[in-house]
Amino acid sequence: MQGSYERTRRVIWGERPDRPPLFDLLMNDAVLQHFNHGKPVAIGDDRTGAAAIIRAIDGSRAAPFSPAEERVDYREDGREVRSLRWTTWEEKRAYGSSEEYRRIKRQHLADRTDPGAGPHDTASDERCLRQLEVLTWLGEDFYYLLSPPHQNLMGIWSEVGLEPFSYYLYDCEDVIVEQLEWNAAYACRWIEGLPEDTPFDCAFLGDDIAFKGGPMVQVKWLGKHYFPRLERVCAALHAKGIKAMYHSDGNLNSIMDGLVGAGIDVLNPIEICAGMDLADLHRRYPKLVYAGGIDVSHLLPFGTPQQVRDAVVKAIEDTEGQILVGSSTEVFDIVPLANFLAMRETAMAYRF
Amino acid sequence: MTILDQLKDAVISGNRDQARTLTQQALSEGLDAKMIVVDGISAAMEVVGEKFRTNEFFVPELLIAQRAMKASLKLLSGEAVDYIGTVVIGTVKGDLHDIGKNLVAAMLEGAGFKVVDLGVDVSSEQFVQAAKDHSAHLVAMSALLTTTMGSMRDTVSALSAAGLSTKVIIGGAPVTQSYAEEIKADGYAPDAASAVSVGKSLLHA
């Protein structure tokens, strides 16, 4: 039998594994307890949580490994940050007007290091060091994705909220585009600065840009401003021998050509409830690999274990095995242990 | 092109300043506020909703049209306007997402509903109390998380237990028609634009 790392790597790199790998985020107390020898994972105990996750699945990406203490904190500017057990809410930053947004953002961009000024010392970068540290907890046989900076449209809109973002997009589109450009240029330098012996061979680019109904913004706008920058980030990764796993929730059907054209190698999480269909996607993009695809809006929380098993087999067969089996976002607390185990055991028992 | 046609175009294109100017001009020319709302603003938002439904408009276009609409409505706030009905709207308890709720509120307001926005993290008790306080015809609930959807069922029950005849519309990412039927909600809106037609049909408006 192959190990978790080899099995997952094979699928991402277009090869056949011994069985479909499992790739997910486990934000579920019952699941972690089950894989922690029946003991709950304590608040903040990431190492114990990581050990449980290694036993449960084959691969994952940057996410909490243990529940957090529920609390409310405040940023220096007074904005509230609410930590819930498995997620965090941050109050949006408010600007007085579009003119103020433009002025402040232009100043921020000017104050930052010029992204074009020489190579980036990524090996000493806090973001890189943290991920390497996590890798030591997870061990060599777990497939863990690099989380580099990227074009980050989600960061731009989520800082202020979608409503103000929409106003700024209308009133000062140039500043939105300048931020996107800065993000992409910095990301490329950061990736180019990775050491040659970097242990990662796939990167996670998480950028929520769609809803149930489709993309948040005009497809033609994405074509003009977003996909070219995503393409540069993917190219920088590929030049380092690293595959690109792209993540966005929502219905991506109308922008799949743009995403695939930009060079993504793996698509995550495939939100079934939003109208993403694995069979249709695989037919349209036969070289793309999928990570996720087992509905967590209804099936995993409320379905029967048999329905979950059937969905897993269908997902594997609809993609001809080009899939890392997992939930369509994350396995949160409402998913019963029995259903997670049904998903897991079905993938583990499947043979091509 | 009449002044109301120009106002309609200004709202559709999200031109807030022009919407404001044209509304002021319409009022100064003696046009009735109700006519400005119906033939200018609501007509515009109906076009916006249709363009959103057909993916010609996306969220930003809808929101800037809403911004222009609000600028126009603000100038009419002292005028007598007949509302189709009153809607109490909110995101359910435990859920802090507001964009879906805001989009629906905008569309309903543009269509001529009086909208009472309770915000996010709204309990069943708060929905019921607001429905009573405002004699609401409709309660509209949004949920983006499967984990919070359950409180929609609680609110439907609470409204019934309170003896209110308020109709309930639900929507949000994990919400489906079958879930609406399961919890005995009166209507399901898959997106902001359809919330208007669902709301109107429930009130036979």
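Quick look at the values:
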{"read-out": "Extended-chain gain in nm, criterion 0.36 nm per residue less alpha-carbon gap, A:E6 and A:K224", "value": "74.7 nm"}
{"read-out": "Between helix B:43-53 and chain B: long-axis angle, C-alpha atoms, 0 to 90°, nearest 10", "value": "50 degrees"}
{"read-out": "Hull-based mean projected area of chain B, where the convex hull spans the alpha carbons, in square nanometres", "value": "10.9 nm²"}
{"read-out": "Built amide H within the under 5 Å cut-off of B:V116, gap 5+", "value": "B:V87, B:V88, B:I89"}
{"read-out": "Rounded if a/c under 1.5, otherwise prolate or oblate - segment A:1-110, Cα gyration tensor axes", "value": "oblate"}
{"read-out": "Residues of segment A:154-179 with amide N under 11 Å of the 7 Å Cα→Cβ point at A:I104", "value": "A:160"}
{"read-out": "Distant alpha-carbon pairs in segment B:86-202 (separation over 24 angstrom), percent", "value": "10 percent"}
{"read-out": "Cα-based helix-to-principal-axis angle, A:98-111 vs chain A, degrees rounded to 10", "value": "80 degrees"}
{"read-out": "Rounded tilt (10° steps) of B:146-161 against the dominant C-alpha axis of chain B", "value": "90 degrees"}
{"read-out": "Calculated FRET value between B:E29 and A:E133, using beta carbons and R₀ = 56 Å, to 0.05", "value": "0.20"}
{"read-out": "Residue-count net charge about B:G119 - beta-carbon cut-off 10 Å; Lys, Arg +1, Asp, Glu -1", "value": "-2"}
{"read-out": "Span per principal axis, largest first, for the Cα atoms of chain A (Å)", "value": "57, 45, 42"}
{"read-out": "Net charge, B:L159 excluded, C-beta distance under 15 Å - Lys, Arg +1, Asp, Glu -1", "value": "+1"}
{"read-out": "Under 13 Å, Cβ to Cβ, from A:A236 - net charge with Lys/Arg +1 and Asp/Glu -1", "value": "+3"}
{"read-out": "Proxy reagent accessibility, fewest Cβ within 10 Å first, across A:D24, A:D280, A:D318", "value": "A:D280, A:D318, A:D24"}
{"read-out": "Per-residue [θ]222 nm for chain A (sum of -39500 (n - 2.57) over DSSP H runs n ≥ 4, rounded to 500)", "value": "-12500 deg cm²/dmol"}
{"read-out": "Cα→Cβ-extended label distance, 7 Å offset, between A:D280 and A:R75, nm", "value": "3.8 nm"}
{"read-out": "Residues with amide H under 5 Å from that of A:G206, placed H, sequence gap 5 or more", "value": "A:H247"}
{"read-out": "Ascending count of other beta-carbon atoms within 10 Å, so fewest first, for A:H282, A:H37", "value": "A:H37, A:H282"}
{"read-out": "Chymotrypsin sites (Phe, Trp or Tyr not before Pro) within segment A:110-200: DSSP coil, no more than 14 neighbouring Cβ in 10 Å", "value": "none"}
{"read-out": "Computed label-point distance, nm, for sites B:R153 and A:A235 using a 7 Å Cα→Cβ extension", "value": "5.3 nm"}
{"read-out": "Across A:K105/A:K220; B:K101/B:K167; B:K51/B:K114; A:K92/B:K51; A:K220/B:K70, pairs whose alpha-carbon gap is larger than 21 Å", "value": "A:K105/A:K220; B:K51/B:K114; A:K92/B:K51; A:K220/B:K70"}
{"read-out": "Of all DSSP beta bridges in chain A, antiparallel share, percent nearest 5", "value": "30 percent"}
{"read-out": "DSSP loop GluC sites (Glu not before Pro) with at most 14 other Cβ within 10 Å: longest gap in chain A", "value": "A:197-319"}
{"read-out": "Qualifying aspartates and glutamates (Cα of each under 13 Å from Cα of B:K74; at least 8 residues distant if same chain)", "value": "B:D17, B:E109"}
{"read-out": "Segment B:42-153 - convex hull of alpha carbons, volume per residue in Å³", "value": "108 Å³"}
{"read-out": "Hydrodynamic radius by Kirkwood, which averages 1/r over all alpha carbon pairs of segment B:3-75, in angstrom", "value": "11.7 Å"}
{"read-out": "Straight-distance crosslink candidates among lysines, where the alpha carbon sits under 27 Å from A:K240 and sequence neighbours closer than 8 are dropped", "value": "A:K224, A:K287"}
{"read-out": "Eligible lysines near A:K39 by straight Cα distance, threshold 23 Å, same-chain separation 8 or greater", "value": "none"}
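Read the figures in this text as sums done on the coordinates, not as results from a lab. The shown structure was predicted, so the numbers you read here are calculated from the model rather than taken from an experiment. Positions of Cβ are generated from backbone atoms using ideal geometry, with glycine treated the same way; all protein chains shown enter the neighbour counts.
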